[in-house]
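Quick notes on the structure that follows.
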Amino acid sequence: MVTRIVRTAAQEAAQRATRKVVGNASRMATGLLGLAGERMAKVDTAWLRMDCDHNLMMILGVWTLRPGISYEALCQRVEERLLQYPRFRQRVVEDAAGATWVDDGKLDVRQMVVREKLARGRKVSQQEALQARIGELAVQPLDRRRPLWQLHLVEDYDGGSAMIIRIHHCIADGIALISVTMSLVDGGAAPPQRKPRGAPQGADDWIADTLLRPLTDVALKALDAAGEGAARSMHLLQNPQAGLSGSVELARLAYQVLSDAAALALMPDDSRTRLKGQPVGRKRVAWCEPLPLDEVKAVGKALDCSVNDVLLSCVAGAIGEYLRGQGDAVEGQEIRAMVPVNLRPLDQAHKLGNRFGLVPLVLPIGIENPIERVYEVRRRMNALKGSTQPLLAFGVLTLAGLLVKPAQDAIMGLFGNKTTAVMTNVPGPREKLRFLGSTLEQTMFWVPQSGNIGLGVSILSYGGGVQFGVITDTGLCPQPQKIIDEFLPEFARLSLVTLMLPWGSEG
């Protein structure tokens, strides 16, 4: 009993000390700079510092709208809706200890929303011209003297308008930005009002309470129970004293955490394909026409696979076919993609910031048979479901935000050497949205690639369809459209073979 009381007291003391150190450091840095602002969370600081010459940490998006919208109407909507989120009217001031969000008293919405004219040639379609411009903007840094976002409006595009969105990853992750999107569209709810300062737990307090304190003594209570998924993991993060009283449970957790930590640390470098190497800092983007989501669901149901399994199998097949088309031998080859995993309750998405972990998914690009490939993808996805790796990766990113940039670069380089791609799959609204009276016909986005990663893969479901997009460094893949062009044929092959299987024969 005495030992238990001493341990509990030590844990509480460690928690108070950790939170005090984090809080004092933040207040000291803000005070020395004479800033009236809010300290940036450490995990967001890590994303802020991750910019490099050949990879900027911007989330890119594009909307196509019909009929077209006007520049003045867009500026007015931005002022009425987007600027209600404090992060979108704040600039970032960096210091040795991190960074601070500071209100931009000189913010001019017309500097943040700019008109674009696409360069057109005789043999260049409007979509190709739009893709080329997005690629150019992907390597143009956002102005650090202003809030770290910008909208680019092409008023006359394909019978309507196109809007390019650039947002620095330190502002928010993809799930949070979907919440922002839903407040911008016609009929969208107003952004939730932030609670008064001091009422909720701050971002750095959240880290101290759920990450640093558990890692000092009872890390197992903050991490995922083996085989029971990330949902329980987040429950434990919010209630670290709940549900872990048995020594057998703790031992099982310890084994899972240590196994996953070892798996992350000991991952071998990824396969040396032409998609992996030193980026040159020039970007190209591409996307395909939407694939009917109902057809994807039908194939998944027939094969007893999830929609994700089907889509990821098609991604692996498209990349494999692209490499074969370049004359590369890919039989038996695999490439590793880092896949973001959401770590926040969806009802907290409006709080912005970054709350996701990463898991490494190995794509079997060398399996040519579509049925064999989809079942192999399913097996690998199932193996990741009980993993604590997303939380461990979140911890790595948070700790990186506490370090000086050279140390952070060394940590992030570890992921870059072991990964060929960053890949994300985001579910969007099932019905098409309206924006300023126009229909949002298509939307696509691309997540940034860190370190020396030169390939980004995006899957987005929207309005009853699924779209596949890629962004590449031209030094590694000068024509990403050639990857895109293999995606729909891969799904068609899988659908055809599925139809040819002997269904309905029961013994």
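The values are calculated or read from the model by the stated rules, or taken from the named source; none is laboratory data. From a predicted model like this one, the values you see are computed outputs, not experimental measurements. With ideal geometry, Cβ positions are generated from the backbone for all residues, glycine too; neighbour counts draw on all protein chains shown.
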query = Does A316 satisfy the criteria of being part of a helix (DSSP H, G or I) and assigned by TED's automatic domain parsing to the domain that holds Q479?
reply = yes
request  = Go through segment 105-115 residue by residue and tally those that are modelled with pLDDT under 95 and surrounded by 16 or more Cβ atoms within 10 Å (Cβ to Cβ).
outcome  = 1
request  = Search segment 287-303 for residues being touching a helix residue (DSSP H, G or I) at 6+ places or on another chain (Cβ under 7 Å) and within 27 Å of Q479 (Cα to Cα), and hand back the single one that is surrounded by the most Cβ atoms within 10 Å (Cβ to Cβ).
outcome  = W287
inquiry  = Give me the residue from segment 71-96 that is without any contact (Cβ under 8 Å) to a residue 40 or more places away in the chain and not hydrophobic (A, V, I, L, M, F, W, C) and, out of that set, nearest to E155 (Cα to Cα).
reply    = E72
Selection status of G68, small (G, A, S), more than 26 Å from G357 (Cα to Cα), free of Cβ contacts under 8 Å to residues at least 12 places away in the same chain and not in a helix (DSSP H, G or I) = no
key: Filter result (among the aromatic types (F, W, Y) and more than 17 Å from T181 (Cβ to Cβ)) within segment 66-87   = Y71
Filter result (modelled with pLDDT under 95 and among the aliphatic types (A, V, I, L, M)) within segment 434-454 = M444, V447, I453
query = Give me the pairs: first residue in segment 486-507 and closer than 14 Å to E321 by Cα and among the small types (G, A, S), second residue modelled with pLDDT of 85 or more and loosely packed, with under 15 Cβ neighbours inside 10 Å, beta-carbon distance under 6 Å, and six or more apart or on different chains, which are they?
reply = none
query = Can you find a residue in segment 116-124 that is within 27 Å of the chain's Cα centre (by Cα) and not assigned by TED's automatic domain parsing to the domain that holds G463?
reply = yes
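Specify which of the listed residues (R144, R120) is modelled with pLDDT under 95, of a type outside the set (A, V, I, L, M), part of a loop (DSSP other than H, G, I, E, B) and surrounded by 13 or more Cβ atoms within 10 Å (Cβ to Cβ). Outline the logic, then answer.
Values: R120 fails: surrounded by 13 or more Cβ atoms within 10 Å (Cβ to Cβ).
After applying the criteria, what remains is R144.
Only one residue in S179, S161 is polar (S, T, N, Q), part of a strand (DSSP E or B) and within 28 Å of R430 (Cβ to Cβ). Which one?
Details: S179 fails: part of a strand (DSSP E or B).
Answer to the selection: S161.
Find the strands (runs of 3 or more DSSP E) located wholly in segment 414-507 whose residues include 3 or more that are hydroxyl-bearing (S, T, Y), and list them. I'd like the intermediate steps shown before the answer.
Values: elements: 421-427, 438-446, 455-462, 465-473.
Of the strands (runs of 3 or more DSSP E) lying wholly inside segment 414-507, those with at least 3 residues that are hydroxyl-bearing (S, T, Y) span 438-446, 455-462.
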message = Restricting to segment 457-494, name every residue that is surrounded by fewer than 17 Cβ atoms within 10 Å (Cβ to Cβ) and among the small types (G, A, S).
response = G464, G475, A492
key: Qualifying positions in segment 317-334 - touching a residue at least 60 places away in the same chain (Cβ under 8 Å) and touching a Gly at 6+ places or on another chain (Cβ under 9 Å)   = Q333, E334
